[in-house]
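One structure is given here, and the rest of the page talks about it.
Derivation of every value follows stated rules applied to the coordinates shown; laboratory data play no part. The structure presented is a predicted model; accordingly, all values stated were derived computationally and were not measured. Positions of Cβ are backbone-derived with ideal geometry, glycine not excepted, and every protein chain shown enters the neighbour counts.
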Amino acid sequence: MRADPRNQFGREAEKYLTSAIHADSEALASLIELVRPNGGFVADIGTGAGHMAFALAPFVERVTAVDPTQRMLDVTAKEARRRGLGNIETQLAHGEKMPFRDGELDGVSTRIAAHHFDDVEAFLCEVERVLKPSGWFLLVDSVSPEDDEADPALNVIERIRDPSHNRNLRTSEWCRLVRKHGLDVEAVSSRFKRLDIQDWMDRMSVSKAHQKWLRELIVHSSGSLREYLQPTDDSFCLMEATILARKRTDPA
Amino acid sequence: MISDDLLAILACPRCDDRPPLELKGDRLVCTRCGWSYRIVDGIPHLLPEEAEPPEEIEG
């Protein structure tokens with residue numbers, strides 16, 4: 001059975017504030033350039049330590065940073081105050097059951113979080129429901145290879161490292177599901193992020209025994225999984241996809 | 001604590017049609033089902049599993 005992300009992230013909250021992958025200011029700036037948020041009320045779902053919410057805050061009236069983990073929101077709220085961002089509010093809630101009225105939000109983002117969601121389709125139903133017509137949706141998440149062998153193998157590796165990991169979808173799956181839920185895909189891009197194996201494991205406090213196992217699986221991977229992971233002795237790659245979509249004004 | 005414009009768009013995550021919430025003391029209360037949500041250190045806990053039924057908060 002999959003672990004509850006709230007237990008996993010309650011322990012690790014502070015690490016996510018300083019994690020290079022999560023705090024990457026260049027990546028965040030390029031997301032703002034892509035979305036071009038222009039005022040209004042937006043929500044960042046699975047906000048973690050709040051990096052996406054902080055990046056959005058100067059460009060919108062109000063950001064609600066949503067996460068199911070209290071410790072994460074404590075970190076986010078404290079950091080928002082430190083940065084003088086007065087238009088960020090934090091809220092404990094699930095992405096699959098958003099506590100917003102219909103059609104009230106100008107934008108919804110989720111960055112490096114969707115692989116924890118219990119039910120991605122329920123989440124996308126909620127995104128469609130809470131967005132105003134033409135409201136934007138930004139998804140950033142690690143994605144699986146478009147390969148029937150490497151996809152499940154990658155997700156096994158992710159689950160060993162983080163028992164609350166549910167699944168990295170493939171980019172093609174995300175695009176199909178986003179379109180299915182009343183949104184038009186406007187931009188899709190992907191890039192490989194190179195990660196230090198030890199840092200990646202330490203962020204989740206992986207046990208010594210599992211560390212050895214994970215290293216073996218990554219460094220000695222083969223076939224299409226190896227092509228995706230591109231391992232060295234101490235690093236490997238994960239592909240991250242970015243999808244910008246907009247709610248249809250005239251639902252079919 | 002909770003701004004009026006945020007309160008205006010909040011909804012009860014227990015109810016399928018997401019009816020509005022109203023602020024009563026230090027709780028957000030569903031205008032339909034009457035279940036309530038705590039606000040802890042300024043953070044609303046809008047989780048269905050943490051909602052409390054009307055009789056518990058009146059007691």
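Its Cα centre serving as origin, chain A has a Cβ charge dipole (Lys and Arg +1, Asp and Glu -1) of approximately 500 debye. Report D for region B:4-58 in µm² per second (integer): Stokes-Einstein, Kirkwood Rh on Cα pairs, 20 °C, 1.002 mPa s. Answer, rounded: 194 µm²/s.
For the segment B:46-53, counting C-beta atoms of other chains within 10 Å of every residue's C-beta and taking the mean gives 3.
For A:H220, project a label point 7 Å along Cα to C-beta. Then give me every residue of region A:135-167 with its amide nitrogen under 20 Å of that point. From region A:135-167, the list is A:150, A:153-161. For the segment B:12-20, counting C-beta atoms of other chains within 10 Å of every residue's C-beta and taking the mean gives 3.
In chain A, the calculated helix contribution to ellipticity at 222 nm averages -12000 deg cm²/dmol per residue, counting -39,500 (n - 2.57) for every DSSP H run with n ≥ 4. Scoring A:90-100, A:112-122, A:183-193, A:133-143 by mean Cβ neighbours within 10 Å over their residues and listing the highest first yields A:90-100, A:133-143, A:112-122, A:183-193.
Across region A:60-174, C-alpha contacts under 8 Å between residues 6 or more apart give a mean separation that, scaled by the residue count, equals a relative contact order of 22 percent.
Net charge near B:I9: determine it from the other residues with C-beta under 14 Å of the C-beta of B:I9, scoring Lys and Arg +1 and Asp and Glu -1.
-4
Put the Cα centre of region A:104-131 next to the Cα centre of region A:223-252 and the gap is 18 Å. DSSP beta bridges fully contained in region A:85-207 are about 10 percent antiparallel. For the protein assembly as shown, the spread of Cα coordinates along the three principal axes comes to 60, 45, 37 Å, biggest extent given first. Residues of region A:95-128 with an amide N closer than 19 Å to a point placed 7 Å from the Cα of A:E61 along the Cα-to-Cβ direction: A:99-109. Placing pseudo-labels 7 Å out from each Cα toward the beta carbon at A:K132 and A:R191 gives an inter-label distance of 3.0 nm. Each DSSP beta bridge with both residues in chain A is either parallel or antiparallel, and the antiparallel ones are about 50%. Each of the peptides A:65-75, A:201-211 was scored by the mean count of other Cβ atoms within 10 Å over its residues; in descending order, highest first, they stand as A:65-75, A:201-211. Cβ-Cβ distance of A:D148 and A:D234, R₀ of 35 Å, FRET efficiency by 1/(1 + (r/R0)^6): the value works out to about 0.75. Taking max minus min of the alpha-carbon positions on each principal axis, region A:7-152 gives extents of 47, 36, 29 Å, largest first. For chain B, the residue among B:I43, B:G25, B:P13 whose Cα projects farthest onto the positive side of the dipole built from Cβ charges is B:P13.
Rounded to the nearest 20, the size of the Cβ-charge dipole of region B:4-58 about its Cα centre is 120 debye, with Lys and Arg at +1 and Asp and Glu at -1. When both bridge partners sit in region A:62-138, DSSP labels roughly 10% of those beta bridges antiparallel.
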